[in-house]
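To start, the structure under review is shown below, and the notes come after it.
The values are calculated or read from the model by the stated rules, or taken from the named source; none is laboratory data. Since the structure is predicted, the reported quantities are computational estimates derived from the model, not experimental observations. Glycine gets a Cβ as well: all are built from the backbone with ideal geometry, and neighbour counts include every protein chain shown. SASA here: full protein model, heavy atoms, side chains in, ligands and nucleic acids out. Shrake-Rupley method; radii C 1.70, N 1.55, O 1.52, S 1.80 Å.
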Amino acid sequence: MAKNSFNTDDACLFESMLGEDDRMIMETARDYAQSRLEPRACEANQDEIFDMNIPKEMGELNLLGVVVPEEYGGIGASYTAYGLIAREIERVDSAYRSFLSVQSSLVMHPINVFGTEEQKRKYLPKLATAELIGCFGLTEPDHGSDPGSMVTTATKTNGGWVLNGAKMWITNSPIADIAIVWAKAKNAGSDDGKIMGFIVERDSDGYSAPTTHNKMSLRASFTGELIFDDVFVPDANVFPTVRGLKGPFTCLNSARYGIVWGSLGAAENCYHRARQYVMERKQFGYPLAANQLIQTKLANMLTDITQMQLLSWRLGNLKDQGQDHPSMTSLAKRNNCGRALDIARVARDMLGGNGITGEYRVIHHVVNLESVNTYEGTYDIHGLILGRDITGIQAFTPRGNDLPAAKPEPVAQTLEATEV
Amino acid sequence: MKISVCIKQVPDVSAPITIKDGTLSQDSDRMVLDAYSASAVEEALVLTGAHGGEVEVVLVGPDKAKETIRKALAMGAASGVHIHVEDMSGLDSAAFAEILAAWHKQSSYDAVLTGKQSQDTDAGLTGGMLAWKLDLPYCANAVGLTYEGGKFLVKRQGDTGQEMVELESPCLVTCSNDMNDPRIPSLKGIMQSKKKPVKTVTLDDLGLSLDGVKGGVVKTEGKGFKDVPGREPGKKFEGDPAELVSQLVNLLDNEAKVL
């Protein structure tokens, strides 16, 4: 017999490489997710419920914005710890992790990185406790993968800016107290046409945030629009120095990193549930697990999960050491989401007819992961980011076969094509 | 009020667990605070929260078990005592009681709390043995605990119902996991726990030796092991309901003899 035992949850023992703080934070996130989120997950998904106690509960345990320094209400934890939290929350439901990612990476992170001292002191402590909930407005109805073509504008006026336009697919927007909004500057001198960031409060005149209905995925978190009809934002609520796509891209890079870990958690949960099911379910006199087809499926899942674990862990280390590059996150986001979705679909298949019902929770992950694979840069867009890195040639816009009627001429400027 | 809580590190029951040669393999990397110990810590924190005072946790274990002390500190305990024993193989409940008794003979407390058993062996013996060695009034399997006028009032789960037992201080109570819902440490608690004092004590400091404990105190010897037997399939009766009822009553009366 081998000297050491083989851990079929963690084949290469990545958890043994975690530091003590990170492991303890992981345990808190796991205890919370399993004891408080898991019991309400099935019903919440079915009935489209986001329990408004969840933000408060996460805030009480300090799970929001953990990398933000203590003086602004965070706890100054590592990026690895942030990833481990995302993994534990998404083990239950990608919708809950989406809430946490937006609050942490897309709202607290930009205020922490781009905000003035006053903005940090005013907003971050309240966002950390979830006294305030935030959302992030970049995507527009006609501008998804190509946000550089956004049409929302911010026109300079006395003492501030006037926003006009609309944002779509905004997680948390219907419940958000503040929105981080990216818009193109007008009447702004040397900043004209540049993308700038604004902190917009929900009670501003002309601001509305209608809910998006009939989602078949991420049903347990709110998604909506942001509509700006001459919304005035005071100068005090503008990010003073960041200009261009670098701003939103910095936020997205942080959120994508959380998704790298989150999708791992969802994949692990599908694997665990499929493993348990095939051990218990008997057909033709034997457990399903006694069949070769089933065993190789499980072997493939564990192999993929082990690679996802090691990739996530290594990326976390690189971020903690300040040695990361956004393309590393693109690679890992693309890989882990794609594999998680494959694992979830195979697990659903292994559960047969039972896999169709919500109680087994695997189909719940399948439909969630369809969103996770799409948002924050689709699988294919991240492929193009990596392709550009590998070849030095951008392929976001077609060349040589442009449609005669294409107007305006496609420009090579896309979110992902922009150097940061 | 000072409450000393004896805690234990155990393998995480939700992680894959292997049995090697009849014993639980302890080399799974996921080691956690025993759930019964966690209930004892929680109860101690509730009591000191209401009446003032502080909670000290005591753990016997190897170096890596320090993380479990930190978990209790992150929950809110004020200080920890790590009785360092790197190789725990061969130690049984009596050995743990001996070691814990040696520590408590030289420390002060108003009450000692332990889990009613621990998740790794489920023996449920150490608490009672420790009370005997310390000559303390004792109550096992508590599901409730209050403090009034220098006395502890224990609600315990007995075989036939719940009993109320009053214990003079100092005393020892073993805690059920039905007693409470242990708090989840916040991340701030985890960070603050790094600054709380943990005293490391060796067996030598307590006037004990590992060989002495193994030779003189350990009473348990593994003689062999068997796999858990599978459950016998049940009987299924089909047919006319009226006939089935009389058939069933007959079997319950004459075969199972439960009526």
Going through the stretch B:183-206 in order, the residues found to be open to solvent by 20 Å² or more (accessible area, probe 1.4 Å), more than 18 Å from B:ALA65 (Cβ to Cβ) and within 14 Å of another protein chain (Cβ to nearest Cβ) are B:ARG183, B:ILE184, B:SER186, B:LYS188, B:MET191, B:GLN192, B:LYS195
Among A:TYR271, A:TYR277, A:TYR207, A:TYR286, the single one that is free of Cβ contacts under 8 Å to residues at least 60 places away in the same chain and more than 27 Å from A:MET168 (Cβ to Cβ) is A:TYR286
Exception for B:LYS8 within (1) more than 22 Å from B:ALA123 (Cβ to Cβ); (2) open to solvent by 30 Å² or more (accessible area, probe 1.4 Å); (3) at pLDDT 95 or above falls at (1)
Of the candidates A:MET108, A:MET24, the one satisfying the condition of being within 11 Å of chain B (Cβ to nearest Cβ), in a helix (DSSP H, G or I) and either on the phi < 0 side of the Ramachandran plot or crowded, with 24+ Cβ neighbours inside 10 Å (or both) is A:MET24
If we ask which residues in the stretch A:34-56 are more than 10 Å from chain B (Cβ to nearest Cβ) and part of a helix (DSSP H, G or I), their number turns out to be 14
Of the conditions (1) within 14 Å of chain A (Cβ to nearest Cβ); (2) surrounded by fewer than 16 Cβ atoms within 10 Å (Cβ to Cβ), the single one that B:ASP178 does not satisfy is (1)
Of the candidates B:LYS236, B:LYS257, B:LYS214, B:LYS226, the one satisfying the condition of being basic (Lys, Arg), open to solvent by 40 Å² or more (accessible area, probe 1.4 Å) and within 30 Å of B:CYS6 (Cβ to Cβ) is B:LYS214
Of the listed residues (A:GLY65, A:GLY83, A:GLY74, A:GLY59), the one being open to solvent by less than 10 Å² (accessible area, probe 1.4 Å), within 11 Å of another protein chain (Cβ to nearest Cβ) and under 15 Å from the mean Cα position of the chain (by Cα) is A:GLY65
Inside the stretch A:151-175, the number of residues satisfying the requirement of being crowded, with 24+ Cβ neighbours inside 10 Å and part of a loop (DSSP other than H, G, I, E, B) is 1
Scanning the stretch B:34-56 for residues that are open to solvent by 20 Å² or more (accessible area, probe 1.4 Å) and part of a strand (DSSP E or B), the one farthest from the other protein chains (Cβ to nearest Cβ) turns out to be B:GLU54
Counted residues in the stretch A:296-353 being outside any helix (DSSP H, G or I) and either among the aromatic types (Phe, Trp, Tyr) or surrounded by fewer than 20 Cβ atoms within 10 Å (Cβ to Cβ) (or both) come to 5
In the stretch A:228-264, residues that are part of a helix (DSSP H, G or I) and hydrophobic (A, V, I, L, M, F, W, C) total 9
Kindly check whether there is at least one residue in the stretch B:122-134 that is within 14 Å of another protein chain (Cβ to nearest Cβ) and either outside any strand (DSSP E or B) or surrounded by 21 or more Cβ atoms within 10 Å (Cβ to Cβ) (or both). no
- Query: open to solvent by 20 Å² or more (accessible area, probe 1.4 Å), within 11 Å of chain A (Cβ to nearest Cβ) and of a type in the set (Val, Ile, Thr), is that true of B:THR18?
  - Reply: yes
Do we have any residue at all in the stretch B:78-98 that's among the charged types (D, E, K, R), under 27 Å from B:ILE190 (Cα atoms) and either in a strand (DSSP E or B) or within 14 Å of another protein chain (Cβ to nearest Cβ) (or both)?
-> no
Filtering the stretch A:1-21 down to residues that are open to solvent by 30 Å² or more (accessible area, probe 1.4 Å), facing another protein chain (nearest Cβ under 7 Å) and modelled with pLDDT under 95 yields A:ASN4, A:SER5, A:THR8, A:LEU13, A:SER16, A:GLU20
Pairing a residue in the stretch A:31-51 that is under 19 Å from A:HIS213 (Cβ atoms) and touching a residue at least 24 places away in the same chain (Cβ under 8 Å) with any residue that is among the acidic types (Asp, Glu) and open to solvent by 50 Å² or more (accessible area, probe 1.4 Å), where Cβ atoms lie under 9 Å and the two sit 6 or more apart in sequence or on different chains, gives A:ILE49/A:GLU43
Restricted to the stretch A:176-197 and to residues being aliphatic (A, V, I, L, M) and in a loop (DSSP other than H, G, I, E, B), the residue surrounded by the fewest Cβ atoms within 10 Å (Cβ to Cβ) is A:ALA188
Exception for B:SER118 within (1) part of a helix (DSSP H, G or I); (2) touching a Lys or Arg at 6+ places or on another chain (Cβ under 9 Å); (3) away from chain A (no Cβ under 14 Å); (4) farther than 15 Å from B:GLU43 by Cβ falls at (1)
Just one listed residue, out of A:LYS282, A:LYS333, A:LYS319, is farther than 18 Å from A:THR250 by Cβ and in contact with a helix residue (DSSP H, G or I) (Cβ under 9 Å, 6 or more places away or on another chain), and it is A:LYS282
